[in-house]
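Everything below concerns the one structure shown next.
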Amino acid sequence: DAKTTQPTSMDCAEGRAANLPCNHSTISGNEYVYWYRQIHSQGPQYIIHGLKNNETNEMASLIITEDRKSSTLILPHATLRDTAVYYCIVMGSSNTGKLIFGQGTTLQVKP
Amino acid sequence: EAQVTQNPRYLITVTGKKLTVTCSQNMNHEYMSWYRQDPGLGLRQIYYSMNVEVTDKGDVPEGYKVSRKEKRNFPLILESPSPNQTSLYFCASSPNRGLLGYTFGSGTRLTVV
């Protein structure tokens, strides 16, 4: 599975969009990009995933570059409850289903 | 409500005393998995199960056992716990090996003294 690189930490003002980048330059054609978040020590929460098209759901938007080597998770109107560690994970359809968690990005939403 | 339920949430035990952490899901998911989370090491997979009676080792299976006798339950068994198994444990389930995302339990914080 491709390795991902994320900034260690980011700040965002409450009510503003939070844009979390992720590099996955070694991603292969059948690998998806997944985003999870973990609030404090709770169980990780699935946010969104995509293959090559941009995706949007009720939680967030995922923008994947055309070459698929990087992506950005967008939380359109961040709230204090969005403060969490955000993990970008690449996983293939032929995978055993194992999620490989890196260190993630700690997003601090400030009032 | 669709959920993964782990019990107990907190457990302090002594070295060598067998324990079981239960995990149950109500979504009829085929795939279930256990992870442990340690500071500086992140989340690592212990065991996974693709279906009833089908289990396999993850990255850190030493000292753990699992069973999958029914689709909804996937208990984690520590036959002889040691202090290095002090950790935060998460169970997760998915209908299709995580391709549409996992649902995680709330976690079990285990301390072995």
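The values are calculated or read from the model by the stated rules, or taken from the named source; none is laboratory data. Just so you know, these numbers come straight off a predicted model, no measurement behind them. Counting neighbours? That spans all protein chains shown, and the Cβs are built from the backbone with ideal geometry, glycine included. Protein only, heavy atoms only, side chains kept; ligands, DNA and RNA dropped before computing areas. Shrake-Rupley method; radii C 1.70, N 1.55, O 1.52, S 1.80 Å.
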### Task
Report, as a whole number in µm² per second, the diffusion coefficient that Stokes-Einstein gives for chain A at 4 °C and 1.567 mPa s using the Kirkwood radius over alpha carbon pairs.
93
### Message
I need the trypsin sites (Lys or Arg not before Pro) found in segment A:56-110, filtered to DSSP loop residues with at most 16 other beta carbons within 10 Å of theirs.
### Response
A:Lys69
### Query
Which whole-number percent gives the relative contact order of chain A, counting Cα pairs below 8 Å spaced six or more residues apart?
37
#### Entry: GNM top mover of A:Asn95, A:Asn19, A:Asn53 - chain A, alpha-carbon springs below 10 Å
A:Asn95
### Task
Please arrange A:Ser9, A:Ser70, B:Ser49 by accessible surface area, largest first, computed with a 1.4 Å probe and ligands excluded.
A:Ser9, A:Ser70, B:Ser49
### Query
With Cβ to Cβ distances under 14 Å as the rule, what net charge do the other residues near A:Gln45 carry (K, R +1; D, E -1)?
0
### Task
Return the carbon/sulfur percentage of the accessible area of chain A, one whole number, probe 1.4 Å, all protein chains in place.
48
### Taking only Cα atoms of the protein assembly as shown, radius of gyration then Dmax in Å
17.7, 54
### Task
Sequence neighbours fewer than 8 away in the same chain don't count; with that in mind, list the aspartates and glutamates whose C-alpha is under 16 Å from B:Lys18.
B:Glu62, B:Glu79
### Task
Would you mind checking A:Lys52/B:Lys69; A:Lys69/B:Lys69; A:Lys110/B:Lys71; A:Lys98/B:Lys17 for any pair whose Cα atoms are more than 31 angstrom apart?
A:Lys52/B:Lys69; A:Lys69/B:Lys69; A:Lys110/B:Lys71
### Query
How much accessible surface area, in Å² rounded to 10, belongs to the heavy atoms of A:Ile63 with a 1.4 Å probe?
70
#### Entry: Farthest positive-ward along the protein assembly as shown dipole, Cα basis, beta-carbon charges - from B:Ser67, A:Gly43, B:Thr20
B:Thr20
#### Entry: Share of pairwise Cα separations in segment A:65-111, more than 17 Å, in percent
51
### Query
Tell me, what % of the accessible area of segment B:1-95 is carbon and sulfur with a 1.4 angstrom probe?
50
### Query
In terms of the ratio Rg/(2.2 N^0.38 Å) built on C-alpha atoms, what value belongs to segment B:40-113?
1.12
### Candidate residues A:His24, A:His77, B:His29: accessible-area rank, largest first, probe 1.4 Å
A:His77, B:His29, A:His24
